[in-house]
Structure formats: structure tokens, C-alpha cells
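To start, the structure under review is shown below, and the notes come after it.
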Amino acid sequence: MSRSYSNLLELASGESPSFSRMSRRIPRIMTVAGIISDVDDDNPSEGSCSDPSSSSTQRDRIIIVANQLPIRAQRKSDSNGVGWIFNWDENSLLLQLKDGLGDNDTEFIYVGCLKEDVHPSEQDEVSQMLLENFRCVPTFLPHDLFSRYYHGFCKQQLWPLFHYMLPLSPDLGGRFNRSLWQAYVSVNKIFADRIMEVINPEDDFVWVHDYHLMVLPTFLRKRFNRVKLGFFLHSPFPSSEIYKTLPIREELLRALLNSDLIGFHTFDYARHFLSCCSRMLGLTYESKRGYIGLDYYGRTVSIKILPVGIHMGQLQSVLSLPETHAKVAELIKQFCGQGRIMLLGVDDMDIFKGISLKLLAMEQLLVQHPEYQGKVVLVQIANPARGKGKDVKEVQAETYSTVKRINETFGRPGYEPVVLIDQPLKFYERIAYYVVAECCLVTAVRDGMNLIPYEYIISRQGNEKLDEVFGLEPSTPKKSMLVVSEFIGPVLINLSLSFLYRKERE
């Protein structure tokens with residue numbers, strides 16, 4: 001067995017890592033061009049698949065794997081409350097991926113968890129329903145295991161570190177907990193088992209998403225040597241000086257390198273990853289014709305820069321909805337009709353989004369420029385927190401107390417300088433706020449992907465119907481300002497390129 005995955009297999013089975021046994025293994029070698037094998041594999045037959053459903057006449061399939069399915073689930077509200085109602089989550093980035101590929105002949109299968117708990121007695125029925133109607137394969141996890149995996153290892157250890165927060169104390173970032181790491185590996189193994197139920201390894205492409213499933217490539221590569229496997233990281237990847245503080249740093253790197261392609265938002269994140277591979281694993285890489293290749297156990301792992309964008313078709317269709325127009329008219333009456341300027345912030349309730357910094361800046365604006373008191377309103381949309389740790393509670397408490405202080409200091413009857421919306425909004429409602437806001441503030445202190453600036457720009461451009469709602473002549477330019485933090489690299493790069501492209505066309 002290759003050292004590239006032996007340690008994780010022992011962890012998933014509940015055994016302690018056997019480092020002495022690993023050192024005696026012979027590395028993987030390439031026997032035929034493009035095909036790899038283990039010269040000492042304990043079970044050679046595992047490298048092939050005998051899936052009876054495989055057929056050369058089947059159309060291409062992409063299996064998209066992520067922590068959450070792009071599905072909204074709701075229990076039926078009838079008298080007995082039996083059964084579920086499922087719908088696509090149109091806001092999910094995973095659902096929008098298929099439109100970006102532009103190939104109607106490709107079949108997509110989604111593997112991931114549901115946001116709602118499903119009783120074990122209902123899981124088989126739910127699985128069958130989702131597979132038949134949505135081509136989704138749900139992964140059901142025990143509540144305790146999910147809590148240790150997601151709220152424990154993912155949100156308290158990987159998430160802070162990948163955003164440059166070192167675990168300097170138990171209260172800051174969280175010290176490494178090996179039991180949480182074991183839970184993380186176990187969940188990745190469960191995901192692999194679910195994928196094996198539907199995969200045709202000779203033909204299917206598997207696309208794994210984000211830091212929740214970084215060791216999943218190990219289990220898939222062990223089971224199917226020839227699997228076509230890609231991984232995309234939606235968060236930043238820290239510099240080697242930060243990353244090396246993680247005790248299982250090598251295990252994660254080796255697991256990711258069992259992919260055929262690894263994608264990052266920016267070259268900086270890819271450079272950090274390559275630096276870690278070089279310094280911690282002694283690997284070298286080369287760049288040819290715009291591609292970065294890294295040799296790992298006889299395989300070439302490709303590294304690509306793949307910044308994410310927005311779904312223009314979906315956004316433009318939402319801008320044309322009557323509900324959007326009605327909400328825009330309501331907001332115009334609420335703010336513009338009273339001669340007030342709306343500033344807008346849209347962020348997750350997270351320690352890295354800089355919500356408190358934005359509020360403090362608003363407070364300073366009102367202190368240093370009293371003439372704006374009563375004229376400027378900051379609407380802060382705070383999406384519900386995804387984690388449940390102490391840091392999230394501190395951010396919530398600081399946000400609420402700061403908003404209260406500002407409103408008590410500068411507010412007056414009929415005027416609150418800060419409007420905090422901490423309840424989930426429908427997509428068209430959020431778009432309506434973009435349309436009306438004259439300034440959008442994106443103040444994240446560290447972010448891997450932030451699509452708010454793109455959505456704001458397109459929404460402010462609007463359409464003819466929205467111009468009528470504003471009482472403007474068609475195509476009348478609007479005064480808009482976008483304040484973007486320097487720490488959300490993909491946005492800065494793409495906005496700069498878009499600006500240069502428009503200048504060239506002019």
C-alpha cells in the first residue's frame with residue numbers, strides 16, 4: 001500500500017497510525033502510461049471496478065461531491081407530518097456549475113448531506129426519492145459525528161487556520177484535537193462509500209469541493225486507481241509558515257495529491273500549496289505552457305487557477321421578476337423617498353467578514369461628518385452563521401452591541417443609522433437591496449471567494465423596467481460606489497481585468 005494513503009485508512013478503521021509499517025512500503029510506480037498501481041497492494045482487485053451498470057454507450061457523468069447537497073428540504077405540514085418536500089436550492093453554487101459547462105449531454109449526480117435531520121427509519125425512502133427525482137445521493141451522518149466533524153474540526157480548526165488565524169491559545173482558533181481529526185477522516189470515508197454506490201470509475205468524473213472533504217481523494221484513489229478526480233478549494237490556502245503549524249499537515253497534502261487536478265481561486269493560494277508540498281514533502285513542480293504539474297508517485301497532478309464567477313442568466317432573470325420590482329419600489333420609498341442614502345453590507349456572520357469594522361467605520365463617519373446624520377443609513381444583511389463556536393457567539397454579541405450603541409447615539413425618531421437584518425432573505429429580496437444601494441461595502445479581513453461585488457455591479461445596472469421604478473429614462477447611468485477589501489483577491493483581479501477589457505473596447 002502506498003504511503004500516500006495508508007495512514008488515513010488506519011484512522012478510518014479506528015486503528016492507531018503504524019508509522020513503522022509505512023516506512024517499509026514500496027512507493028507507487030507507473031506500470032503503463034497513464035495507469036498507476038501498487039506493487040505491494042494487499043488487494044490488487046480493488047484497482048478495477050466490476051460495476052454491471054457500466055456501459056460505453058452511457059453519456060458523460062460528473063459526480064459533484066460537497067458537504068451539502070443543493071437541495072432545500074421541508075417536512076410536510078399536514079396533520080400527520082409524514083414525508084418530505086424537496087426543491088432545488090437555486091442559490092447553490094454547486095447547482096449553477098452545470099450551466100457553466102454548457103453541455104446538455106452531461107449527466108450530473110450530487111453527493112452530500114442534507115441541512116435537515118432525517119430519521120433513520122426514513123432514510124431509505126428519502127434516498128430513493130432524491131436519487132430518482134434530483135439525481136442526488138444523500139449522506140446521512142449521526143448527529144454527534146457530524147458535530148465533531150463539521151462544527152469541531154472543519155469550523156474550529158481548518159477554517160481559522162486557512163484564514164491565517166493561528167491557534168495561539170485554546171480560545172483563539174482552538175488547539176488541535178485528534179478525536180476531531182478522527183471524526184473528519186471517518187466522515188470522508190462515509191462519503192467515499194456513498195460515491196462507490198453510484199460511480200462508474202472507468203467513465204465518470206468526480207469533482208470534490210472544499211476543505212470539508214480534503215482526505216476524500218485518498219479513499220477514492222485507493223478503491224479505484226483510474227478514477228478521474230478533481231478537487232477545488234473554495235477557501236484561501238495559507239502560506240507554509242501558517243500551514244506547518246497544523247499537526248496533520250502532511251496527511252492533508254498527501255490526500256489532496258491523490259487528485260488528478262487541484263483548483264484554487266488565485267495563484268497566491270496555489271503558490272502557497274506548492275510551497276508546502278516542496279518544503280514538507282520534498283516534491284518539485286514545473287510549469288509548461290500555462291499548466292503547473294507536480295509529480296507524485298508516478299502521477300502528474302495538475303494545479304490550476306479557477307476563480308469563480310456569478311450566474312448571469314439567473315441574476316438577470318431575478319432582476320426581471322415582479323417581486324423584485326415591488327421590493328425595489330418599497331425600498332425606494334423607505335430610503336430614497338425620505339432623502340436618505342443607503343449603504344449596504346452583505347456578509348455571513350463570521351469572524352473574518354469584518355462586520356464590526358464596517359460598523360465602527362460608520363460610527364466614525366457620523367462623528368467626523370455630523371452633516372450626514374439623518375441622511376445616511378447602513379443596511380447590514382448578516383446571513384446566519386454556519387458555525388456554532390465561541391468565536392461566532394462573540395461576533396454576534398459584538399455586532400448587536402455596536403449596532404445598539406450607534407443607533408442610541410445618532411438615532412432620532414424615524415431614523416436609525418444602522419439597520420441590521422439577521423434573518424435569511426430570499427434571493428430576490430437581496431437583489432432588491434443591491435439595486436437601491438448607492439454604495440456597497442465588502443470589508444472582509446480574509447476571504448477566499450466573495451461574489452457580492454459582482455452581484456452588486458450587475459444589479460445596479462438593472463434593466464428598463466427597474467429604470468421605470470426609479471423614474472429614470474432608459475439606460476440612465478446611476479451613481480454607485482463599491483468599497484472592496486484588499487484581502488479578497490479573486491474579486492480584485494477579475495474586476496481589474498473587466499475594467500481594462502471595457503477600456504480597450506471603448
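The values are calculated or read from the model by the stated rules, or taken from the named source; none is laboratory data. Keep in mind that this is a model prediction, so the values were computed, not measured. Note: ideal-geometry Cβ built from the backbone for every residue, glycine included; neighbour counts use all protein chains shown. Please note that ligands, DNA and RNA were not included when accessible areas were found on the heavy atoms of the full protein model with its side chains. Shrake-Rupley method; radii C 1.70, N 1.55, O 1.52, S 1.80 Å.
Here are some notes:
- Accessible surface, the stretch 137-251, averaged per residue in Å² (probe 1.4 Å): 33
- Beta bridges per DSSP with both ends in the stretch 66-197, % antiparallel, nearest 5: 55
- Distance violations [Cα-Cα > 19 Å] among LYS76/LYS426; LYS228/LYS304; LYS327/LYS465; LYS98/LYS327; LYS155/LYS390; LYS353/LYS478: LYS76/LYS426; LYS98/LYS327; LYS353/LYS478
- Surface share of carbon and sulfur [accessible, 1.4 angstrom probe, percent] for the stretch 211-267: 53
- Partners for LYS404 among lysines (Cα-Cα distance below 17 Å; same-chain residues under 8 apart left out): LYS358, LYS393
- Anisotropy class assigned to the stretch 223-366 is prolate, per the alpha carbon gyration tensor with a/c at or over the 1.5 cut-off and a/b larger than b/c.
- Here's the picture: charge each Lys and Arg Cβ at +1 and each Asp and Glu Cβ at -1 in the stretch 181-334, and of HIS234, VAL198, PHE267 the one pushed furthest to the positive end of that dipole is PHE267.
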